[in-house]
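For reference, the structure is listed below as structure tokens.
The values are calculated or read from the model by the stated rules, or taken from the named source; none is laboratory data. Since we're looking at a predicted model, the values are computed, not measured. For neighbour counting, all protein chains shown are included, and Cβ atoms are generated from backbone atoms with ideal geometry for every residue, glycine included.
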Amino acid sequence: MQTIYQQMDSGELAQTIASLKDEVAAAKARGLALDMARGKPSPSQVDISRPMLDILGADSDLHDGSVDCGNYGCFEGIPSARKLAGEFLGCPAEQTLVLGSSSLLIEHDIVGTFWRCGTCGSEPWSAYAAAHEDKPVKFLCPVPGYDRHFGITEDLGIVNIPVAMTEDGPDMDEIERLVASDDSIKGIWCVPKYSNPTGITFSEDTVRRLATMTCAAPDFRILWDNAYCVHDLYDEGDELANIFDIAHEAGTEDRVVAFASTSKITFPGAGIGFVGASPAVLAEFAHHLKAGLISADKLNQLRHVRFLPTLDAVREHMKKHAEFLRPRFECVEQKLAEGLGSTGCATWTHPRGGYFVSFDGPEGSAKRVGALCAEMGVRLTTVGATWPYGEDPHDTNIRIAPSYPTVEELSAALDVLVLAVKLVSAELAAE
Ligand code: PLP
């Protein structure tokens, strides 16, 4: 599609660029300092979980059933927390571990375990890499995606392969084609509900195809990071098919390893993190983890399950979060539609949950837009971060994280983004 700037004659375009530059100069003079960079809840949003901090005191009973949470033991996590974890992840409680205070470290640990020790009788991924010098271990990375996922595999020297996201989740035709014949592709990163950053929820067909596709690697693993499984903005949330049920039926249960945490439910980085997997994969992971862990922080687990004892209680709590988030997401939609809707300069996603909006400008625009926003006092997520190695080949994608600023700050930040996109698009049209 042509942008409005590409349709202008050179005189009109030069005049438009001059007046946009004046607007940029005025914005710079305002000395803004706004942050739309990372997906953090706002301080008042975090405050809604403060009552949890009063739940455990010096006189509290520290038992969960027969488990003494004040002492070593119960490596797998306390029973009430495992029950909740099973409900979150869609698998039996016995197929879960409740570990530390967040999920990313568990994801890092499990990929490290597969790398060092292998899984389900296959050689360690590191041994595969050593034996196939010209065929490195690879991982599929839906793009735009979550930079920290890509960082975990990159850190081990695994080669990250981008795969396009569609409205239904990652491009399954491409994935099926790649994994069917290449046994060096050992897995895929997935954020299946309200994906980071597109907000897309995988369709049932996508979930089914992932769980049932033919993989050349017997040790192919789907890392199913369901970080936003209860993070609906509206009463009618997106529905995600249960991958464990489908995989169980298909006999591919060992393929799925699921994660979640309460980071964006209670306290970021100070919640509880879960992993769910087949009995075989869970047992091997537990075996390796036990080399370095006697038991996780069960007092934190106890505090959490007393505050949020059931999934229904979690959903009620999430409605309070949605009260904060909904106006911010609606502000993004409104500002982008008003500012850029008729310019042909941009497309963006319209999530019904999660923490992000994915924005695409014209080819070759994103880095320049990010830099111009910074000059006007607005910090965006590092441009390119939504692609492996920070390399967005078309330089179009920007992740918008609307949760942290106030609506007023967000509104001002979006005015700046809109202005930057307009000027960069106009300048590109003039080149
Ligand atoms: N997974 C995804 C998809 C995320 O977007 C985030 C945070 O933004 C995390 C994991 C981090 O979660 P935790 O705090 O549980 O490590």
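Looking only at segment 342-364, which residues are more than 14 Å from Thr201 (Cβ to Cβ), in a loop (DSSP other than H, G, I, E, B) and either within 16 Å of the ligand (Cβ to nearest atom) or in contact with a strand residue (DSSP E or B) (Cβ under 8 Å, 6 or more places away or on another chain) (or both)?
The answer is Ala346, Gly361.
Can you report the number of residues in segment 12-51 which are among the hydrophobic types (A, V, I, L, M, F, W, C) and farther than 30 Å from Gly145 by Cβ?
Counting residues in segment 12-51 that are among the hydrophobic types (A, V, I, L, M, F, W, C) and farther than 30 Å from Gly145 by Cβ gives 10.
For segment 159-178, give me the residue count where each residue is more than 16 Å from the ligand (Cβ to nearest atom), free of Cβ contacts under 8 Å to residues at least 40 places away in the same chain and touching a strand residue (DSSP E or B) at 6+ places or on another chain (Cβ under 8 Å).
7
In segment 262-274, is there at least one residue being away from the ligand (no atom under 13 Å from the Cβ), in contact with a helix residue (DSSP H, G or I) (Cβ under 7 Å, 6 or more places away or on another chain) and either in a loop (DSSP other than H, G, I, E, B) or closer than 20 Å to Arg116 by Cβ (or both)?
No - not one qualifying residue is present in segment 262-274.
Could you identify the single residue in Ala283, Ala296, Ala313 that is part of a loop (DSSP other than H, G, I, E, B) and either within 16 Å of the ligand (Cβ to nearest atom) or surrounded by fewer than 22 Cβ atoms within 10 Å (Cβ to Cβ) (or both)?
Ala296
Of the conditions (1) over 21 Å from the mean Cα position of the chain (by Cα); (2) in a loop (DSSP other than H, G, I, E, B), Gly100 fails just one. Which one is it?
Just one mismatch for Gly100, condition (1).
Filter segment 229-248 down to the residues that are of a type in the set (A, V, I, L, M) and under 28 Å from Glu94 (Cβ atoms), then identify the one that is surrounded by the most Cβ atoms within 10 Å (Cβ to Cβ).
Here the answer is Ile243.
List every residue pair whose Cβ atoms sit under 9 Å apart, with the two residues 6 or more apart in sequence or on different chains, where the first one lies in segment 246-264 and is touching a residue at least 12 places away in the same chain (Cβ under 8 Å) and under 18 Å from Asn300 (Cα atoms) and the second, anywhere, is in a loop (DSSP other than H, G, I, E, B) and more than 12 Å from the ligand (Cβ to nearest atom).
Note: pairs meeting the criteria are Ala260/Val230; Thr262/Ser49; Thr262/Leu308.
Among the residues of segment 182-239, write down those that are farther than 24 Å from Gly384 by Cβ and of a type in the set (Gly, Ala, Ser).
Once the filter is applied, which keeps residues that are farther than 24 Å from Gly384 by Cβ and of a type in the set (Gly, Ala, Ser), segment 182-239 yields Ser184, Ser203, Ala211, Ala216, Ala217, Gly237.
Considering only residues that are over 18 Å from Glu284 (Cβ atoms) and in a loop (DSSP other than H, G, I, E, B), which ones fall in segment 77-89?
Ile78
Can you go through Thr119, Thr153 and tell me which one is buried (at least 23 other Cβ atoms within 10 Å of the Cβ), among the hydroxyl-bearing types (Ser, Thr, Tyr), under 23 Å from the mean Cα position of the chain (by Cα) and within 19 Å of Ala258 (Cα to Cα)?
Result of the check over Thr119, Thr153: Thr153.
Return yes or no: is Pro92 surrounded by fewer than 14 Cβ atoms within 10 Å (Cβ to Cβ) and away from the ligand (no atom under 14 Å from the Cβ)?
For Pro92, the condition - surrounded by fewer than 14 Cβ atoms within 10 Å (Cβ to Cβ) and away from the ligand (no atom under 14 Å from the Cβ) - is met.
Can you tell me which residue is farthest from the chain's Cα centre (by Cα) among those in segment 196-225 that are within 15 Å of the ligand (Cβ to nearest atom) and in a loop (DSSP other than H, G, I, E, B)?
It comes out as Phe202.
Return a yes/no flag: does segment 53-76 have any residue that is assigned to a helix (DSSP H, G or I), at pLDDT 95 or above and outside the structural domain of His248 (by TED's automatic domain parsing).
yes
Of the residues in segment 95-106, how many are within 12 Å of the ligand (Cβ to nearest atom), buried (at least 22 other Cβ atoms within 10 Å of the Cβ) and closer than 17 Å to Ile222 by Cα?
Looking only at that region, the number is 2.
Residue-wise test of (1) among the charged types (D, E, K, R); (2) over 20 Å from Glu154 (Cβ atoms); (3) in the same structural domain as Asp183 (by TED's automatic domain parsing).
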residue	(1), (2), (3)
Lys83	yes, yes, yes
Arg116	yes, no, yes
Cys120	no, yes, yes
Ala129	no, no, yes
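Determine whether Tyr228 is away from the ligand (no atom under 16 Å from the Cβ), in contact with a Lys or Arg (Cβ under 7 Å, 6 or more places away or on another chain) and not assigned by TED's automatic domain parsing to the domain that holds Phe356.
Spelling it out, it is not the case that Tyr228 is away from the ligand (no atom under 16 Å from the Cβ), in contact with a Lys or Arg (Cβ under 7 Å, 6 or more places away or on another chain) and not assigned by TED's automatic domain parsing to the domain that holds Phe356.
Of all the residues that make up segment 4-39, how many are crowded, with 17+ Cβ neighbours inside 10 Å, at pLDDT 95 or above, not aliphatic (A, V, I, L, M) and not in a helix (DSSP H, G or I)?
Adding up the residues that qualify gives 1.
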